[in-house]
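Each remark here refers to the structure printed beneath this line.
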Amino acid sequence: MLREIALLSKNSRISGWSAVYKLAVFLTTPVILSFDRDGLASSLVNFGVVILTMRSLKVPLESYIRFTKGLLLFLILGSVSVSLESGIYPGLVLVARGISSGASIYLFSATTPIDDLFWELSKKQSVREIAEVGSSMLRLSFMFEDEFKQTKLALESRCGFTTLRGRVLNTGKLTGAVLRGALRNWREMEHSLKSRGYRGRISFKDREYIRPKAFLIFGTLYNLAIAFIANKT
């Protein structure tokens with residue numbers, strides 16, 4: 001899933017726009033929604049706008065649905081306890097707010113190559129180390145994902161998940177194998193980096209980005225509108 005989103009972000013129609021601008025526009029909305037704990041309107045409006053934006057930018061909705069499945073499971077489990085304690089409506093608000101915020105986060109991820117964000121952060125000396133750590137963690141995440149897919153495919157080809165007992169036993173084996181394989185690959189990568197003169201500092205390639213002021217202004221007005229709706233409902 002990580003590689004799929006990374007490929008989508010590289011091929012996005014607005015991938016060449018400033019990552020900081022998209023960060024300010026797309027990820028401010030989930031922050032606003034987190035303060036709206038009583039109303040559905042702001043979450044529903046944002047969700048509708050995000051879906052329309054995905055369609056206009058030709059972001060595949062199928063990929064978003066796969067992205068949402070895991071999130072939806074946790075939201076439903078959380079909403080059950082909230083509904084039992086406070087009623088059904090607060091549980092619905094929790095689910096709606098989570099799905100709407102997740103849609104904004106997905107839209108940012110599917111249109112913004114994460115390396116671009118790290119590069120923009122690296123220009124600020126105060127947060128350069130954060131960018132370097134983030135870049136390393138991104139590569140480690142890709143490594144975990146690749147190891148997981150290969151190990152799971154090997155277990156499935158041996159009918160390791162055909163029975164309930166097999167799923168329970170082999171899930172633990174899968175987790176251990178993935179951790180062991182990822183750490184082994186990371187050590188190999190570390191040795192190869194050090195053999196090429198790596199001294200613990202990542203070099204980021206300079207890039208030029210489009211910085212559309214109209215996008216930033218419109219996004220700011222949109223977030224203010226969401227905040228107004230959240231305050232009034």
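List of remarks:
- Sulfur and carbon atoms: percent of accessible area, the chain [1.4 Å]: 65 percent
- Cα extents of the stretch 16-164 along the three principal axes, largest first (Å): 49, 44, 32
- Probe 1.4 Å, protein heavy atoms only - accessible area per residue of the stretch 128-196 in square angstrom: 70 Å²
- Stretchable slack from residue 68 to residue 156, in nm (0.36 nm times residue separation minus alpha-carbon distance): 29.3 nm
- Among 232, 58, 22, 152, the sequence by solvent-accessible area, most first, with a 1.4 Å probe is 58, 232, 152, 22.
- Spin-label proximity, residue 225 to the stretch 45-62 - amide N less than 15 Å from point 7 Å beyond Cα toward beta carbon: 45-54
- Helices of the chain meeting both criteria, an alpha-carbon length of 15 angstrom or more along the long axis and an average Kyte-Doolittle score not below 0.0, with helices taken as full DSSP H segments, are 41-57, 61-86, 88-111, 213-232.
- Dimensions (Å) - the stretch 128-196, Cα atoms, principal axes, largest first: 48, 24, 15
- Efficiency of FRET between residue 209 and residue 52 - r from beta-carbon atoms, R0 25 angstrom, step 0.05: 0.55
- Hits among aspartates and glutamates - C-alpha to C-alpha of residue 123 under 14 Å, sequence gap 8 or more where chains match: 115, 132, 206, 208
The values are calculated or read from the model by the stated rules, or taken from the named source; none is laboratory data. In this text, all values refer to a predicted model and were calculated from it rather than measured experimentally. Cβ coordinates were reconstructed from backbone atoms using ideal geometry, including for glycine residues, and neighbour counts include every protein chain displayed. The accessibility values were calculated without ligands, DNA or RNA, using every heavy atom of the protein model including side chains. Shrake-Rupley method; radii C 1.70, N 1.55, O 1.52, S 1.80 Å.
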